[in-house]
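This report concerns only the one structure given below.
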Amino acid sequence: MITVFGSVNMDLIATTVRLPQPGETVAGTGFATAAGGKGANQALAARRAGSSVRMVSAVGRDGFAEPALALLKEAGADLSAVKRVDEPTGTALILVGGDGENMIAVVPGANGTVTAADADTAVAAMDAGDMLMMQMEVPASAVEQAFKAAKARGVRTLFNTAPLTQDAVRLARLASILVSNETEFELLIGRKDLSAEARIEAMRGLHAETGQTLVVTLGGDGVVALHEGTLLTSAGLTIEPVDTVGAGDTFCGYLAASLDQGMPFDMALRRAAVAGSLACLKPGAQPAIPLAADVDAKV
């Protein structure tokens with residue numbers, strides 16, 4: 001059983017020929033809405049990977065709440081712990097220019113009302129050996145309490161250090177499994193422009209200190225991990241990406257689900273890498289998350 005303690009958003013996406021300058025208005029060429037939020041994305045990925053998933057979060061009482069939860073509901077995720085509050089549902093306002101550059105403003109809204117008490121309630125419903133997934137799109141105080149409660153209950157934690165904040169750096173060492181992309185990992189350890197060899201050396205040093213499983217995703221170059229003292233690497237698929245949004249969340253959800261289903265770590269890593277690759281073949285985050293049968297056919 002996987003519990004995801006994190007964010008639910010509605011993404012509002014406008015496309016333009018070019019991005020506006022400050023104070024300038026430009027004509028848009030397209031508009032779309034899509035369910036998002038790193039917590040919800042990872043929950044949907046874990047559910048599509050075949051695990052039972054409980055989402056713990058908050059949405060508003062507005063018109064965005066239901067669409068933001070629609071794909072999770074359709075997939076059969078347990079949404080009973082998603083509370084309704086008076087703040088608006090979290091939103092991401094995204095402008096995409098014709099050259100692919102973008103501007104994004106994220107308004108936490110209801111996500112900002114998630115509390116330490118919600119963390120206690122979430123973990124109290126879990127059993128030893130269950131998996132708790134977290135990110136940094138709800139308040140750090142709530143994430144910290146979830147870590148403490150999970151440790152006391154013997155619950156495994158998978159922490160995705162995104163978005164990387166000073167709180168994320170502080171909390172990262174509390175996780176059973178830590179997942180970062182290569183840029184986040186460099187910020188996490190305070191070193192820049194690491195070579196592949198230097199990155200592995202840094203991972204070995206951190207792993208020796210904390211004993212936690214470390215996973216660093218490398219985009220098209222796959223993933224490298226240290227698990228129980230063993231260095232592991234896995235390649236994704238050779239693809240021509242359409243849209244990389246949500247690939248990292250897909251990876252996290254599939255990794256958590258594969259471990260939840262009892263797979264050896266190396267097999268879980270490969271399955272997650274393949275899933276992340278397939279998520280790049282369609283636009284959007286949640287709509288692009290692949291189903292387990294499609295992933296397993298490529299592993």
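The values are calculated or read from the model by the stated rules, or taken from the named source; none is laboratory data. Not measured: the values here are computed from a predicted model. Cβ coordinates were reconstructed from backbone atoms using ideal geometry, including for glycine residues, and neighbour counts include every protein chain displayed.
I want to confirm something. Restricting to the stretch 136-155 and keeping residues that are within 18 Å of K83 (Cα to Cα) and in contact with a strand residue (DSSP E or B) (Cβ under 6 Å, 6 or more places away or on another chain), which single residue is surrounded by the most Cβ atoms within 10 Å (Cβ to Cβ)? In this case the residue turns out to be A146.
Of all residues in the stretch 106-121, those satisfying the criterion of being at pLDDT 95 or above, part of a helix (DSSP H, G or I) and at negative phi are A110, N111, G112, T113, A116, A117, D118, A119, D120. Taking the listed residues A34, A45, A27, the one that is among the aliphatic types (A, V, I, L, M), surrounded by 13 or more Cβ atoms within 10 Å (Cβ to Cβ) and either modelled with pLDDT of 95 or more or over 21 Å from V82 (Cβ atoms) (or both) is A45, with no other qualifying. With the structure loaded, tell me whether G253 is crowded, with 17+ Cβ neighbours inside 10 Å and either assigned to a helix (DSSP H, G or I) or touching a Pro at 6+ places or on another chain (Cβ under 9 Å) (or both) or whether it fails that test. The answer is yes for G253.
Of the numbered criteria (1) more than 19 Å from the chain's Cα centre (by Cα); (2) modelled with pLDDT under 95; (3) within 23 Å of N41 (Cα to Cα), the one G262 fails is (2).
The residues of the stretch 82-101 that are surrounded by 15 or more Cβ atoms within 10 Å (Cβ to Cβ) and closer than 19 Å to Q286 by Cβ, listed by number, are V82, T89, G90, T91, A92, I94, V96. Residues that are surrounded by fewer than 16 Cβ atoms within 10 Å (Cβ to Cβ), modelled with pLDDT of 95 or more, out of contact with any helix residue (DSSP H, G or I) (no Cβ under 7 Å at 6 or more places or on another chain) and in a helix (DSSP H, G or I): does the stretch 283-292 have at least one? No.
Pairs are defined by a Cβ separation below 6 Å, a sequence spacing of at least 6 or placement on different chains, a first member in the stretch 280-299 that is under 19 Å from S52 (Cα atoms), and a second member that is not in a helix (DSSP H, G or I); the pairs so defined are Q286/A35; A292/A49; A292/G50.
Each row is one residue, and each column tells you yes or no for (1) assigned to a helix (DSSP H, G or I); (2) touching a residue at least 40 places away in the same chain (Cβ under 8 Å); (3) more than 23 Å from Y254 (Cβ to Cβ).
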{"position": "A35", "(1), (2), (3)": "no, yes, no"}
{"position": "R54", "(1), (2), (3)": "no, yes, no"}
{"position": "S57", "(1), (2), (3)": "no, yes, no"}
{"position": "A68", "(1), (2), (3)": "yes, yes, no"}
{"position": "L71", "(1), (2), (3)": "yes, yes, no"}
{"position": "A81", "(1), (2), (3)": "no, yes, no"}
{"position": "E87", "(1), (2), (3)": "no, no, yes"}
{"position": "M126", "(1), (2), (3)": "no, yes, no"}
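For the stretch 12-28, taking the residues that are outside any loop (DSSP other than H, G, I, E, B) and touching a residue at least 24 places away in the same chain (Cβ under 8 Å), the one that is farthest from G284 (Cα to Cα) is identified as T16. Residues that are part of a strand (DSSP E or B) and either touching a residue at least 40 places away in the same chain (Cβ under 8 Å) or among the basic types (K, R) (or both) within the stretch 133-158 comprise M133, M134, R156, L158, listed in sequence order.
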